[in-house]
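Data first, discussion second: the structure below is written as structure tokens.
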Amino acid sequence: RKVDLVYTRVRTEEKLLLEALRRRDCAVNMVSDSGMALSMDRQPPSEADTVLMRSMSFTRARYLATFLELKGLRVLNSARTISLCGDKALTCAALAAKGVPMPWAFVAFDEDACLDEIERRGYPVVTKPVLGSWGRMVARLDSRSAAEGVLSTRFGTGGAQDHVALVQEYVDKPGYDLRVYVIGRAVGGLRRRSEHWITNTARGAVPERYEVPVLHAKLAEAAAEAVGGDMVAVDLLETRDGHVYVNEINHCVEFARSIDETGVPLPDLIAEYVVGGKR
Ligand code: ADP
Ligand code: ZN
Ligand code: MG
């Protein structure tokens, strides 16, 4: 197979993926997303038949995947998956369409409308940017005054046409959240433990080994299917009384901080998946 690996930065993940692909006799071409200029026609940009999309930019990943698919390439993940996972409001819609359990959520486009709906549903709630990652700007609102503060910032900056607030039910987790890797199927997972309610490893949560029970594996696979994801990390929130919800789906799987703890050989599993499938 000939693979173009599109990257923003060559991090540990990209290095390990490159090695795993080369071990499988793939001809891998490293392509920087900032150096690309893609014409909107069906002309293939390279010899590659498959593109492993590792761009860290949602804008670049989504457009590049779209145009590369137009050119007949197999892109992992697909443009559709990237579009749905990169936007948390659209992820919620895709999950809801398939009846996948998730915290209740709503979107609003105006500060007063948003505050009214929060007041109607009651505190605490969580609000987060529809585009974003690594736990940045995820906020828990425990009171009306906190909501006013956060919403005035959210709605007071940038253009009014572009304002959108995603508000979610706050899930009282038992000190951790769960991540299940779906590479074609659920292949393993990770528990992220933290004193803080925001449990991103980028924010200091400690990764722990987690034997994924069948129920969680099935839920993660249903979530991946809802967004058409080939290789995704599905984040689950468990409640203290054992209910489990899908919180978000990450289309560019990161594992550098957790590969030792999980014991899940993700570079090999991903490379295996890239090599398999139709040519
Ligand atoms: P990001 O893409 O930035 O990781 P997430 O939606 O995954 O955004 O939120 C980051 C973290 O915040 C989650 O891993 C979880 O620990 C916490 N969190 C997010 N939403 C909720 C929620 N509705 N209830 C409880 N905790 C949440
Ligand atoms: Zn995320
Ligand atoms: Mg997350």
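Taken together, the values in this text are just the output of simple stated rules run on the coordinates, not laboratory data. Small disclaimer: the values here were computed from a predicted structure and weren't measured. Every residue, glycine among them, receives a Cβ derived from its backbone with ideal geometry; neighbour counts consider all protein chains shown.
Remarks
- Segment 69-93 and segment 158-177: distance between their alpha carbon centers, rounded to Å: 21 Å
- Computed from the alpha carbon atoms alone, the convex hull of segment 4-55 holds 70 Å³ per residue.
- Cα-based shape type of segment 218-267, given that a ≥ b ≥ c are square roots of the gyration tensor eigenvalues and the cut on a/c is 1.5: oblate
- Selection from LEU269, ALA113, LEU190 lying farthest towards where the dipole of the chain points positive, charges on Cβ: LEU269
- Computed magnitude of the charge dipole of segment 1-146 (debye, nearest 20; Cβ of K, R +1, Cβ of D, E -1): 600 debye
- Global geometry of segment 63-219, whether rounded, prolate or oblate, following the gyration tensor of its Cα atoms and the 1.5 cut on a/c: oblate
- Here the contact order of segment 83-213, divided by its residue count and restricted to Cα pairs under 8 Å and six or more residues apart, works out to 22 percent.
- Dipole check for the chain: with +1 at the C-beta of Lys and Arg, -1 at the C-beta of Asp and Glu, and the Cα centre as origin, the magnitude is about 780 Debye.
- About its Cα centre, segment 96-244 has a charge dipole of approximately 560 debye under the convention of +1 per Lys or Arg Cβ and -1 per Asp or Glu Cβ, with nothing else charged.
- Pairwise Cα separations in the chain fall into 5 Å bins from 0 onward with the following percentages, short to long: 1, 6, 12, 16, 17, 16, 13, 9, 6, 3, 1, 0.
- Each principal axis of segment 141-215 carries a Cα extent, and these read 44, 30, 23 Å when sorted largest first.
- Euclidean distance of C-alpha centroids, segment 200-223 and segment 8-60, integer Å: 27 Å
- Pairs from the table (LYS88/LYS173; LYS15/LYS71; LYS2/LYS71) lying more than 22 angstrom apart at Cα are LYS15/LYS71.
- With both labels modelled 7 Å from their Cα along Cα-to-Cβ, the LEU38 to SER145 distance reads 4.9 nm.
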